[in-house]
There are 2 protein chains.
Amino acid sequence: MVVDQQLSDAEVDRLFHALADATRRDIVRRTLVTEASVSDLARCYAMTFAAVQKHVAVLEEAGLVTKQPRGRERIVRGNPDRIRAAQALLDDYEQLWRVRVERLDALLADDDHPSP
Amino acid sequence: MVVDQQLSDAEVDRLFHALADATRRDIVRRTLVTEASVSDLARCYAMTFAAVQKHVAVLEEAGLVTKQPRGRERIVRGNPDRIRAAQALLDDYEQLWRVRVERLDALLADDDHPSP
DNA sequence: CTAACGTACAACCAAATGGTTGTAGATCAG
DNA sequence: CTGATCTACAACCATTTGGTTGTACGTTAG
């Protein structure tokens with residue numbers, strides 16, 4: 001089982017911010033399936049190489065992607081662990097919501113036996 | 001079972017962007033457990049009422065929170081469905097990653113029977 | 001060696017973000 | 001009615017963001 005990484009607020013900020021852009025999400029999608037160099041990726045989008053380079057940097061700082069040198073290229077790979085970390089965070093929110101549901105259930109149970 | 005909402009790129013942008021701020025995440029946490037007025041929330045943070053109001057607006061546009069008038073107050077409640085929508089999106093990414101794993105497995109299987 | 005390719009990085013710009021203050025409209029309490 | 005409270009919204013400001021262009025440097029191909 002993957003250990004539930006303890007991410008700081010700033011890291012969580014970076015993680016969700018990195019996911020809040022369609023181009024970056026597409027880069028994550030691609031590199032989860034197939035590794036690609038930065039210029040491979042740049043050819044996929046209607047923007048300059050430098051712009052794509054910046055998106056990859058944002059993803060790398062968020063931990064969603066790793067960049068490994070290979071000759072003159074930098075090979076980009078998606079990091080499934082960070083995806084799972086994000087899922088774990090969202091799971092926590094859902095668990096919190098259950099508290100509300102359980103409290104409402106308790107209230108309804110009390111209504112079955114109202115005090116006079 | 002909750003239907004898998006079909007979110008546009010712009011909606012997903014808004015969803016993750018709304019989550020990319022510690023104050024907003026805290027508002028979501030609180031309002032998932034207990035409903036609260038905007039000024040209830042404002043008292044929790046070291047910033048002006050107007051700033052908190054803006055954060056709530058961002059969360060509302062992202063669908064992570066609903067705002068319901070009650071007298072002069074606006075009651076804020078967390079929306080677990082949007083949390084689940086975000087989880088569903090991340091699940092998709094994890095599924096993509098499995099494609100890579102399966103392809104690697106296939107490659108290894110080929111290596112068991114190398115051609116001469 | 002030379003030319004082409006892949007990357008890194010700085011400088012610049014318009015637009016969006018996250019905060020502030022200030023004003024004004026509803027609603028509630030006394 | 002009057003005053004306090006809760007909200008809405010505009011205007012403003014500093015910083016960040018997402019894009020551009022341009023320059024420089026290492027690596028590969030011919």
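What number comes out for accessible area per residue over the protein assembly as shown if the probe is 1.4 Å? Units Å², please.
Numbers: 13800 Å² over 232 residues.
Result: 59 Å² of accessible area for each residue.
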In degrees between 0 and 90, to the nearest 10, how far off the longest principal axis of chain A does helix A:80-112 point, with axes built from Cα atoms? 10
For A:N79, list long-range residues whose amide hydrogen, built 1.01 Å from N in the peptide plane, is under 5 Å from its own amide hydrogen. A:V65, A:T66
Under the convention of a label 7 Å out along Cα→Cβ, give the distances in nm from B:E94 to the same position in every other copy, shortest first. 0.9
In region A:13-52, the residues losing 50 Å² or more of accessible area (1.4 Å probe, heavy atoms of protein chains only) relative to their chain alone are A:D13, A:F16, A:A20, A:R25, A:R29, A:L32, A:V33
For B:Q5, go 7 angstrom from Cα along the Cα-to-Cβ vector, then report the distances to that same point in the other copies in nm, smallest first. 2.7
If you consider only alpha-carbon coordinates, what radius of gyration and Dmax does region B:9-111 have, in Å? 19.0, 71
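How big is the B/A interface in buried accessible area, both sides summed, 1.4 Å probe, to the nearest 100 Å²? Intermediate results must be reported in sequence, preceding the final value.
Working: alone 8460 and 8470 Å², together 13800 Å².
Roughly 3100 Å² of accessible surface disappears when B and A pair.
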Straight-line reach from A:K54: which lysines have Cα under 29 Å away, leaving out those fewer than 8 places along the same chain? A:K67, B:K54
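In what sequence, highest mean first, do A:33-39, B:10-16 appear when ranked by Cβ atoms within 10 angstrom?
Descending mean neighbour count gives B:10-16, A:33-39.
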Round to the nearest 10 and give me the degree value, 0 to 90, for the angle of helix A:9-19's Cα axis relative to the longest principal axis of chain A. 60
Roughly speaking, what % of Cα-Cα pairs in the protein assembly as shown are separated by over 24 Å, rounded to a whole number? 54
If each label sits 7 angstrom from Cα along the C-beta direction, how far apart, in nm, is B:S39 from its counterparts in the other copies? 6.2
For A:R74, distant residues with modelled amide H under 5 Å away: A:V38, A:S39
For A:A22, what is the net charge nearby, where nearby means another residue's Cβ is under 11 Å from its Cβ and Lys, Arg count +1, Asp, Glu -1? -2
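The values are calculated or read from the model by the stated rules, or taken from the named source; none is laboratory data. It should be emphasised that the depicted structure is a prediction, and the values quoted were computed from it without experimental measurement. Every residue, glycine among them, receives a Cβ derived from its backbone with ideal geometry; neighbour counts consider all protein chains shown. Side chains included, ligands, DNA and RNA excluded: accessible areas come from the protein's heavy atoms. Shrake-Rupley method; radii C 1.70, N 1.55, O 1.52, S 1.80 Å.
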